[in-house]
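Here's the structure, in structure tokens; my notes come after.
The values are calculated or read from the model by the stated rules, or taken from the named source; none is laboratory data. Please read these numbers as outputs of a predicted model, since none were measured by experiment. Cβ placement follows ideal geometry from the backbone for every residue including glycine, while neighbour counts extend to all protein chains displayed. Calculation scope for accessible area: heavy atoms of the full protein, side chains included, ligands and nucleic acids excluded. Shrake-Rupley method; radii C 1.70, N 1.55, O 1.52, S 1.80 Å.
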Amino acid sequence: MSNDVTSDWLGDPEGVPDPVRAARQSAKPALPKRFYTEASVAPAEDGYRLVLDGRPARTPARRYLAVPQAALAEALAEEWGAQEEFIDPARMPLTRLVNSALDGVAERREAVVDDLAAYAGTDLVVYRAGDPARLVAAQAAAWDPVLDWAHEALNARFMLSEGVMHVTQPAESLAAIRCAIEAVASPTALAGLHSMTTLTGSVLIALAVLRGRLTPQAGWAAAHVDETFQAEVWGRDAEAEDRLARRRTEFEAAARVAALSA
């Protein structure tokens, strides 16, 4: 019998929409009971491993759940230690993201970089509303500083578009963003950057958070100017607010993983 424990059930609770999975929602198994007393960190040849009652934890692909940064490993241990009678994957965003980094990003780095770089061609912050004036002003206030930062820090200048009309960005700007993405060496930091980008539709906002130009809270707010405006005009929808809250938790976890991976 192995002396390791695996977290193979710790998948993304939302992930890519899957109609088959959706049809089986009512048949989901009960959450597993917490089977360990203590979650801690142990130094090892591959970095710092998460250990549960002294036994190394593994990813779904059976790799050791280990990272080079002690602070990130401690954060994982805190997440596991915070589980109560049952282990709830929805409350473990750090673990899910690190599992993804170790099992996927590390072996598919070039594909992840390609995917992130593609966002620069259609980044959220370059597509602006033509009206009403209040929304135009809100977008400018939130997004112009991100574009200014990209120009100053990354040497990338972007063209704006009104509405959904596609605008071709300068090749040198796209190359500069790709260079900034490639500079993210750690698989866990790259996974964090990817998660922040897909959750917001903006690799520029994600890079600004990664580089410390924006706090995670400011980055999330900047990415959701339109939703905030619509809620102010039409009122708030409880179900939509709940979805946004869950996604915000994922975003902030991704930002934390990226910061701790530096």
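Give the shape of segment 130-255 as rounded, prolate or oblate, defined through the alpha-carbon gyration tensor: a ≥ b ≥ c are the square roots of its eigenvalues, a/c under 1.5 means rounded, and otherwise the shape is prolate if a/b is larger than b/c and oblate if not. In terms of gyration-tensor shape, oblate. What the chain shows is 52 Å² of accessible area per residue, with the surface traced by a 1.4 Å probe over protein heavy atoms.
Springs between alpha-carbon pairs under 10 angstrom, Gaussian network model over the chain: which of GLN83, GLN230, GLN139 fluctuates most? Taking springs between Cα atoms under 10 Å, the residue moving most is GLN230. For the pair ASN155 and ASP53, the difference between a 0.36 nm per residue extended length and the Cα-Cα distance amounts to 31.8 nm.
Within the accessible surface of the chain, defined with a 1.4 Å probe on protein heavy atoms only, the carbon and sulfur portion equals 55 percent. Determine the shape class of segment 222-261: with a ≥ b ≥ c the square roots of the Cα gyration tensor eigenvalues, call it rounded for a/c under 1.5, and otherwise prolate if a/b is greater than b/c, oblate otherwise. Cα axes put segment 222-261 in the oblate bin.
The label point for ALA61 and the one for ALA140, both projected 7 Å from the Cα toward the Cβ, are 4.7 nm apart. With both residues required to sit in the chain, DSSP beta bridges show an antiparallel share near 75%.
When HIS151, HIS166 are compared by accessible surface with a 1.4 Å probe, the order from highest to lowest is HIS166, HIS151.
Taking all protein chains as shown and a probe of 1.4 angstrom, ARG178 keeps an accessible surface of around 60 Å². Using heavy atoms of the protein chains and a probe of 1.4 Å, the accessible area assigned to MET196 is about 0 Å².
Beyond 33 Å, how much of the Cα-Cα pair distribution for the chain remains, as a whole percent? The calculated P(r) of the chain puts 27 percent of pairs beyond 33 Å.
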